[in-house]
1. Give region 227-251 a look and list any residue that's within 12 Å of F521 (Cβ to Cβ) and aliphatic (A, V, I, L, M), or say none.
2. Could you tell me which residue of region 763-794 is nearest to the chain's Cα centre (by Cα), considering only residues that are within 18 Å of A738 (Cβ to Cβ) and free of Cβ contacts under 8 Å to residues at least 12 places away in the same chain?
3. Going by the conditions given, is P105 surrounded by fewer than 18 Cβ atoms within 10 Å (Cβ to Cβ) and not assigned by TED's automatic domain parsing to the domain that holds F266?
4. Taking R683, is it among the basic types (K, R), surrounded by 16 or more Cβ atoms within 10 Å (Cβ to Cβ), assigned to a helix (DSSP H, G or I) and in contact (Cβ under 8 Å) with a residue 24 or more places away in the chain?
5. Kindly provide the set of residues from region 683-718 that are in contact with a His (Cβ under 9 Å, 6 or more places away or on another chain) and within 22 Å of N781 (Cβ to Cβ), ordered by number.
6. Would you call A694 in a helix (DSSP H, G or I), within 30 Å of the chain's Cα centre (by Cα) and aliphatic (A, V, I, L, M)?
7. So, in region 306-326, of the ones that are surrounded by fewer than 17 Cβ atoms within 10 Å (Cβ to Cβ) and farther than 25 Å from G370 by Cα, which residue ends up nearest to the chain's Cα centre (by Cα)?
8. Across region 538-550, what is the total count of residues that are surrounded by 24 or more Cβ atoms within 10 Å (Cβ to Cβ) and either of a type in the set (S, T, Y) or outside any strand (DSSP E or B) (or both)?
Amino acid sequence: MSIRHLDRLFEPRSVAIIGASQRPGRIGTTVLDNMAASGFAGALWPVNPKYDTLLGIACHARVAALPAAPDLAVICTPPDSVPGLVAELGARGTRAAIVLTALSPGQRAAMLKAARPHLLRILGPGGIGLIGPAAGVNASVAHAGARPGRTAFVSQSGMLMTAVLDWARQHQIGFSRVVSVGEGGDVDVADLLDWLAGDADTQAIVLHIESVADARKFMSAARIAARGKPVVVLKSGRGGERDDRVVDAAIRRAGMLRVYSSADLFDAVQTVARARPLPGERLAVVSNTASLGLLATDALAWTGGRLAPLSPATLRALKPLAAEGVPAANPLDIGTRADTARHVAAVRALLDEPQADALLLVHVPTPAAGSTEVARSLVPAVRGARQIVLSCWLGGDEVAEARGVFADAGLATYDTPEKAVRAFRQMVQYRRNQALLIEVPPGVPAVRERERATARRIVGAARQAGRDTLDDAECRTVLAAYGLRYDLPDGAGAGAPAWMQPAAGRDAPPLRIGMHVDPVFGPALEFGMGGAAGSVARDCAAGLPPLNMVLARDIVARTRAGNALAATDGACRALVQVAELVTDLPEVAALELDPMQMVQAGPAAPRDGAEPLPDTLAALRARIVLGPPRPESALAIRPYPQALAEIIDWQGAQLTLRPIRPEDAPAHVRFFAALDPEDVRLRFFSALRELPPAQLARLTQIDYDRAMAFIATRTGPDGTAETLGVVRAVADPDNRSAEFAVVVRSDLKGLGLGAILFGKLVDYFRTRGTGCLTGDAFAENVGVQKLVRRFNGTVQSGDEAGTVRLTVPLHGKSS
């Protein structure tokens with residue numbers, strides 16, 4: 001639905017527990033005990049006609065007897081009573097409720113119907129409830145509370161939530177919010193991601209999900225959340241291998257990190273709670289016994305990790321610290337006779353190594369050095385280190401205090417070297433997923449509208465004729481319209497046609513590109529080894545359309561077949577083109593290009609007399625299956641809205657107004673460089689000299705739904721595209737308002753381009769049903785104030801001195 005009223009859920013000023021009790025085994029008893037012991041500073045109101053007081057707190061007979069409408073109601077009553085209570089609470093003014101009672105489908109539908117007129121938000125039904133340590137809220141039936149922390153944990157499994165709480169208490173891990181989603185009838189995982197993305201108390205998010213109800217809503221919320229904070233996901237209830245690959249692709253595409261077991265989830269909670277951003281992927285290992293250091297490096301090698309190379313200066317510093325008869329190296333063995341001073345010296349020397357991005361200390365108790373003393377001596381050195389520092393204190397009671405010393409200092413500790421290495425590799429994978437969000441993709445040749453029309457005509461004619469597959473000639477024409485090469489072997493024999501010559505120097509396996517419709521995430525692409533070998537090797541990676549070259553390269557690199565290619569541009573280009581075909585032709589229900597072969601241009605290429613590009617893929621067999629047209633919403637990620645592009649006449653020349661694309665990043669950098677410093681200050685509220693890569697990605701890579709940016713562009717004198725102005729806005733999850741910004745190249749101000757762009761933005765968000773556009777500006781920025789008034793907007797004093805608040809209503813009253 002939205003994040004509306006979720007503040008009442010997480011930070012209530014008053015809580016009513018309906019069905020509160022003190023009878024053993026009752027849900028209402030556990031919730032009341034938990035709330036009373038949680039340090040809640042607001043009003044706590046038990047509701048039960050059988051009691052006058054509970055735990056010394058006045059008990060009210062019914063909702064109507066409460067002194068005021070509670071911000072949050074926790075409902076623990078029998079199922080038949082829930083819909084009526086929800087209606088009564090909503091009419092009273094309550095806007096958030098946690099329903100811990102399990103309901104039948106009919107009761108659940110009646111509950112949601114009763115809540116809807118009042119916009120009363122419901123967590124549940126079922127589940128364990130919610131814990132917010134900082135707010136003193138424990139509206140749950142969990143048998144243990146949570147320490148305060150900066151990590152949020154959201155789970156679709158109540159039992160897993162209680163297990164994580166138990167584990168976290170043992171490891172001194174705290175949480176900002178702990179939420180059991182239950183059935184997610186109203187408040188679902190996407191709503192919670194949206195809220196937590198803007199929660200100042202939450203620095204990282206850990207999710208356990210069993211299912212996703214609305215793929216596009218989930219992906220939009222996940223991508224926004226993951227751009228701002230680490231998000232780790234455990235997905236249980238996997239389908240088949242193909243379904244699981246699609247889930248993998250969705251999590252990766254959103255910039256989140258997936259873990260595959262509850263054990264990894266526990267470690268991930270600790271990792272995100274205590275780790276800092278990883279500067280690189282090279283690990284240094286130091287241990288006081290050679291065998292443990294080797295276990296760590298074996299685990300690193302098994303997962304494809306890299307040991308840090310050590311500089312000559314570091315090797316000289318480590319030489320006197322290495323165990324007797326052992327050379328200084330990575331991993332470093334300081335020996336079982338190493339005392340506390342040697343531990344500290346070795347760690348300090350490795351922390352001075354510029355080529356080491358992370359350090360793993362593996363320690364086992366020895367007579368030479370007490371574990372607790374070593375831990376206390378190391379904390380000052382490692383707490384402020386540039387690198388990530390992980391530790392493994394191997395043992396039981398003898399190292400428990402050492403682990404506690406590191407945990408109290410906010411440093412990650414693990415039970416085994418393998419667990420520590422797995423945590424490091426999780427950090428590496430998260431770093432790579434995040435890097436995908438900020439890389440600037442190169443462009444691919446655009447598909448001409450005439451060719452699109454040809455493909456649509458062929459597909460439409462086949463559907464009208466009642467056919468559910470295209471014949472070979474139709475496949476070839478449709479694929480050619482999107483730049484894909486397909487030709488059958490001559491006659492019945494095997495082998496490529498004459499124009500398909502294998503690329504020079506290639507000894508690559510046959511390849512395959514496929515597409516199927518996933519029941520949750522919609523159209524999904526597959527790439528991997530093709531032919532008979534492909535079905536045996538099971539070498540395949542998945543991705544979600546639409547794609548660009550950066551995303552396609554990531555898919556190709558996750559396969560053995562892709563890594564066997566000397567260069568991957570041809571394979572990546574083919575994937576992007578298939579993604580465009582699938583996005584553009586909603587009647588395509590399945591597609592199979594298998595086998596495909598990397599080819600170079602030959603003298604008699606078939607398409608319009610033009611030769612195939614060097615280093616491109618050609619299909620030897622193709623199959624396209626048709627079905628009823630999919631709605632555009634079936635795509636988990638909204639494709640580029642080409643229909644919003646238009647050409648206008650401006651100042652005696654033609655300009656294109658269109659949504660921004662990731663490929664516009666180089667032109668956007670040049671646009672920013674052309675702005676006067678004063679215009680930069682007025683737009684960005686700071687004196688930026690250049691756009692950092694992460695900010696450039698946020699400006700050029702958007703979801704084309706809640707976020708929209710329009711640019712005015714033309715071809716410059718040097719033949720490259722130039723951006724002349726940009727206007728953008730991002731809607732809140734409730735769609736009540738969208739925050740906007742507009743800037744025009746400094747040498748083009750005063751020519752009306754800002755008003756043209758702003759008008760296009762107004763039209764878009766008005767069509768989307770957004771209530772109003774809002775923005776903040778310096779009071780001295782009179783240009784944007786005139787623009788807002790031109791569109792019947794208002795200018796009021798801002799929250800901060802020297803600023804104004806700008807509002808442009810889009811239809812009637814904003815609500």
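The values are calculated or read from the model by the stated rules, or taken from the named source; none is laboratory data. These numbers come from a predicted model, not from an experiment. No Cβ is skipped: glycine too gets one built from the backbone with ideal geometry, and neighbour counts run over all protein chains shown.
1. Listed by number, the residues that qualify are V246, V247, A249, A250, I251.
2. Checked region 763-794; the qualifying residue nearest to the chain's Cα centre (by Cα) is T767.
3. When the stated conditions are applied, P105 passes them.
4. Numbers: among the basic types (K, R): yes; surrounded by 16 or more Cβ atoms within 10 Å (Cβ to Cβ): yes; assigned to a helix (DSSP H, G or I): yes; in contact (Cβ under 8 Å) with a residue 24 or more places away in the chain: yes.
Answer is yes for this residue.
5. Pass one, region 683-718, residues in contact with a His (Cβ under 9 Å, 6 or more places away or on another chain): 691, 696, 699-700, 711.
Scanning region 683-718 gives L691, L699, I711.
6. Numbers: in a helix (DSSP H, G or I): yes; within 30 Å of the chain's Cα centre (by Cα): yes; aliphatic (A, V, I, L, M): yes.
In short, yes.
7. Applying the filter and picking the extreme gives R306.
8. So the count comes out to 2.
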